[in-house]
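Structure first, then comments.
The values are calculated or read from the model by the stated rules, or taken from the named source; none is laboratory data. The shown structure was predicted, so the numbers you read here are calculated from the model rather than taken from an experiment. Quick reminder, even Gly has a Cβ in these numbers, built from the backbone with ideal geometry, and neighbours come from all protein chains shown. Quick note on the areas: whole protein, heavy atoms, side chains included, nothing else; ligands and nucleic acids left out. Shrake-Rupley method; radii C 1.70, N 1.55, O 1.52, S 1.80 Å.
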Amino acid sequence: MSQSHRMRKPTLSSERVPDEVVFDILTHLPVKPIIRFRCVSKSWNSTITTPIFITTHLNHNRAKSSLPNNGYLLYTSQAMYPSSHQQLCVVARNSDHTLTELSRCRSPFWGSHVIGFCNGIYCFFENNNYTISLWNPSIKKLKILTPIRIPRYDGIVTHGLVYNSQNNDFKILRIVFDGEVSGYKVPLPLEAGVYTWSTDSWKYIDIYMESLSGSGLNASIVDIQEKPFIFVNGALHSMIYTRGHNFILCFDVNDETFQAIMLPENYLDGLSPDFDQFEQLVVFKGSLALVAFGRDLYEEHDLCFIWVMTEYGVFDSWSKKTVAVDLVERFFGCTRRGELLIETLGTGLVSFDPDSLDQNNLEIQRSPIWLGYSTDFMESLVLLDGVNLSSESLVLLDGVNVSSDVSSEYED
């Protein structure tokens with residue numbers, strides 16, 4: 001064989017990588033190169049924007065995020081000036097309790113509140129017009145949800161965002177409570193709105209006390225907790241307050257049914273009623289839990305009650321842990337290991353271990369407006385068909401002010 005024949009390069013023009021191989025390679029890539037590769041050809045762009053590609057890419061990233069980690073803190077920092085934007089920040093928690101910043105970008109809204117984060121998607125709520133928006137900062141895409149019913153009066157609204165892995169779909173639960181209204185002989189029911197991503201539609205359900213399995217109560221609902229729902233054991237959960245007994249409202253995301261989980265009677269016994277008390281549902285070491293803060297009966301020490309339902313749905317499995325923790329001003333939730341994320345007077349934002357009583361500063365300089373904890377922070381292509389926030393001017397979408405200059409934070 002001649003040397004010229006041995007050195008001849010193979011001809012590639014006639015060779016073609018099978019479509020399924022290209023699909024598999026692309027779904028394992030980070031978001032930025034995938035977005036660039038949409039320009040390679042019409043067929044690549046068509047493939048990348050299909051629901052099956054977006055879902056496959058998301059599932060690959062979910063698998064990566066399930067690997068052992070110390071968790072992530074996502075928070076909205078205070079704006080430096082009244083006219084400046086809030087900053088959305090993500091930091092990774094290290095094993096030595098230090099933080100490593102992963103991303104920082106401007107919030108796309110003025111005045112809206114973050115009410116959830118899931119699989120790379122932030123969910124915002126605007127109090128003034130009750131608008132819900134979904135934003136993917138990785139690809140600078142926004143979706144304003146279709147108009148839905150608003151409270152009939154000055155009611156209370158609470159939300160929950162969840163990804164249903166069984167059918168690869170996002171859902172948003174909105175609960176509206178109008179309370180007792182003058183002229184009505186009976187209290188109005190809770191109104192639930194369930195948004196399903198795949199159908200881009202809302203379903204509405206009126207929730208009456210007598211229809212809640214597991215409640216055993218006929219008392220009137222007098223209040224609901226405005227904190228976002230928490231997700232555990234395939235359901236979203238929120239606190240409901242009645243004239244007789246408080247309970248936890250549960251929404252099963254698969255069959256879209258509601259039921260009640262009862263709290264222990266007098267679960268706040270031991271806290272002085274003369275001092276401010278506040279409570280919040282959390283996921284504590286994988287279990288449904290209620291954390292309550294207040295002053296002891298002798299008004300000498302601040303206490304924290306941690307009620308944990310060790311066997312989900314079983315009333316007798318509620319167990320209580322009491323720890324002393326002073327001067328708590330705000331409570332943001334728990335880490336996977338059960339550390340409490342709290343802001344204390346004088347110390348600032350800390351993680352507090354209720355077992356060892358160790359306390360570690362979180363090195364976040366400015367008090368956050370919102371703070372969330374996640375073990376599965378990731379980028380995704382969800383909302384790839386949404387509104388692009390890369391224009392040069394301020395865009396007004398359905399009454400929500402959207403700042404287009406957020407895109408500059410992601411330019412190469």
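Evaluate the following for residue 289: is it closer than 30 Å to residue 203 by Cα, in contact with a Ser or Thr (Cβ under 7 Å, 6 or more places away or on another chain) and hydrophobic (A, V, I, L, M, F, W, C)? Before the answer, list the steps.
Working: closer than 30 Å to residue 203 by Cα: yes; in contact with a Ser or Thr (Cβ under 7 Å, 6 or more places away or on another chain): no; hydrophobic (A, V, I, L, M, F, W, C): yes.
For residue 289, the condition - closer than 30 Å to residue 203 by Cα, in contact with a Ser or Thr (Cβ under 7 Å, 6 or more places away or on another chain) and hydrophobic (A, V, I, L, M, F, W, C) - is not met.
Criterion first (touching a Ser or Thr at 6+ places or on another chain (Cβ under 9 Å) and under 25 Å from residue 175 (Cα atoms)) does residue 242 satisfy it?
Working: touching a Ser or Thr at 6+ places or on another chain (Cβ under 9 Å): yes; under 25 Å from residue 175 (Cα atoms): yes.
The answer is yes for residue 242.
For the condition in the same structural domain as residue 272 (by the TED database), over 24 Å from residue 96 (Cα atoms), touching a residue at least 12 places away in the same chain (Cβ under 8 Å) and in contact with an Asp or Glu (Cβ under 7 Å, 6 or more places away or on another chain), what is the one hit in 288, 297, 303?
Values: 288 fails: in contact with an Asp or Glu (Cβ under 7 Å, 6 or more places away or on another chain); 297 fails: in contact with an Asp or Glu (Cβ under 7 Å, 6 or more places away or on another chain).
Criteria check complete, one pass: 303.
Counting only strands (runs of 3 or more DSSP E) that fall entirely inside region 282-334 and contain at least 3 residues that are open to solvent by 50 Å² or more (accessible area, probe 1.4 Å), the qualifying elements are 318-324. For residues in region 238-280 being in a strand (DSSP E or B), farther than 17 Å from residue 302 by Cβ and open to solvent by 40 Å² or more (accessible area, probe 1.4 Å), which is modelled with the highest pLDDT? Of everything passing the filter in region 238-280, 252 is modelled with the highest pLDDT.
Consider region 95-108. How many of its residues are open to solvent by 50 Å² or more (accessible area, probe 1.4 Å) and under 13 Å from residue 71 (Cβ atoms)?
Of all residues in region 95-108, those open to solvent by 50 Å² or more (accessible area, probe 1.4 Å) come to 95-97, 100-102, 104, 106.
Remaining after also requiring under 13 Å from residue 71 (Cβ atoms): 95, 97, 100, 102.
Residues meeting the conditions: 4.
So in region 109-144, with the set limited to residues that are among the small types (Gly, Ala, Ser) and modelled with pLDDT under 90, which one is surrounded by the fewest Cβ atoms within 10 Å (Cβ to Cβ)? If we take residues in region 109-144 being among the small types (Gly, Ala, Ser) and modelled with pLDDT under 90, then 111 is surrounded by the fewest Cβ atoms within 10 Å (Cβ to Cβ). Could you go through region 262-285 and let me know if any residue there is over 23 Å from residue 354 (Cα atoms) and under 26 Å from the mean Cα position of the chain (by Cα). Scanning region 262-285 turns up at least one residue that is over 23 Å from residue 354 (Cα atoms) and under 26 Å from the mean Cα position of the chain (by Cα). I'm checking my understanding of the structure. Among residues of region 37-72 that are touching a helix residue (DSSP H, G or I) at 6+ places or on another chain (Cβ under 8 Å) and among the aromatic types (Phe, Trp, Tyr), which one is least open to solvent (accessible area, probe 1.4 Å)? Only one residue fits best here, namely 53. Take the residues in region 19-36 that are open to solvent by 70 Å² or more (accessible area, probe 1.4 Å) and in a helix (DSSP H, G or I); name whichever of them is nearest to residue 383 (Cα to Cα). Taking the candidates together, the pick is 32. Tell me, please, whether a residue that is open to solvent by less than 40 Å² (accessible area, probe 1.4 Å), in a loop (DSSP other than H, G, I, E, B) and modelled with pLDDT under 90 can be found in region 343-366. Yes, because at least one residue in region 343-366 is open to solvent by less than 40 Å² (accessible area, probe 1.4 Å), in a loop (DSSP other than H, G, I, E, B) and modelled with pLDDT under 90. Only residues that are among the hydroxyl-bearing types (Ser, Thr, Tyr) and at pLDDT 90 or above were counted across region 158-198, and they come to 4.
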